[in-house]
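Only one structure is covered here, and it is reproduced in the block below.
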Amino acid sequence: MKKLSSEQKTEVLSILKERFEKNLHRHPSIEWNLIEEKLEKNLSKLWSLYQMELTGGEPDVIDYLKETNEYVFCDCVAESPKGRRSYCYDKKALDERKEHKPTNNVLDAAKEMGVELLTETDYRNLQKLGTFDAKTSSWIQTPEEIRKLGGAIFADFRYNQVFVYHNGASSYYASRGFRALLKV
């Protein structure tokens, strides 16, 4: 299990609490003390949130799933997290690149962090809480039928509208990263 030092644990809990309190519009009926209690019992999830923070995601609570008793954290940084840009979609796409290979791929990076990639629905719901990716874009979960044909999908927000596009899975851009989702 990946662990945080006591200083890192204190640091990330403090950052998360401060962000939670500054952005109550994202979670108006949720109490911080209940979240903190769950995080104290799920240190592997806290480690994942620390990774989200380290890579520039600014994670915050965006939902509570009553049926599973889970809080949903998501990257709420205005533009796609800087520490997770310039990646192609998956390992197959990375392996297919002959030159100018990126340093990683989105699916492996998400797995290493212990997080999920947003679905199109997740992405659209996030946009209801603010304006995200007005200058950048983010890879989102790609349906298998699209991936089998060599493609992958990404989304952004332009002209007050969410746009979902396609690209070759092996493509990568300095302005395209991925947003993470974590249920605790």
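The values are calculated or read from the model by the stated rules, or taken from the named source; none is laboratory data. Keep in mind it's a predicted model, so treat the numbers as computed, not measured. Using ideal geometry, Cβ is built from the backbone for each residue, glycine included, and neighbour counts are taken over all protein chains shown. Surface areas here come from the heavy atoms of the whole protein model, side chains and all, with no ligands, DNA or RNA. Shrake-Rupley method; radii C 1.70, N 1.55, O 1.52, S 1.80 Å.
Of note:
- Selected residue [surrounded by fewer than 13 Cβ atoms within 10 Å (Cβ to Cβ) and either under 22 Å from Asp63 (Cα atoms) or among the charged types (D, E, K, R) (or both)] from Arg158, Arg147: Arg158
- Conditions (1) touching a strand residue (DSSP E or B) at 6+ places or on another chain (Cβ under 8 Å); (2) at pLDDT 95 or above; (3) open to solvent by 20 Å² or more (accessible area, probe 1.4 Å): number failed by Thr55: (1)
- One residue stands out in region 102-113 among those that are open to solvent by 20 Å² or more (accessible area, probe 1.4 Å) and not acidic (Asp, Glu): the one that is nearest to Phe178 (Cα to Cα), namely Leu107.
- Selected residue (criterion: surrounded by the fewest Cβ atoms within 10 Å (Cβ to Cβ)) from residues of region 161-176 that are more than 16 Å from the chain's Cα centre (by Cα) and within 18 Å of Gly56 (Cβ to Cβ): Ala174
- Matching residues in region 128-144 - criterion: being surrounded by 17 or more Cβ atoms within 10 Å (Cβ to Cβ) and either more than 17 Å from Cys74 (Cα to Cα) or out of contact with any Leu (no Cβ under 8 Å at 6 or more places or on another chain) (or both): Asp133, Thr136, Ser137, Thr142
- When the residues of region 71-101 are filtered to those that are acidic (Asp, Glu) and over 11 Å from the mean Cα position of the chain (by Cα), the one that is least open to solvent (accessible area, probe 1.4 Å) is Asp90.
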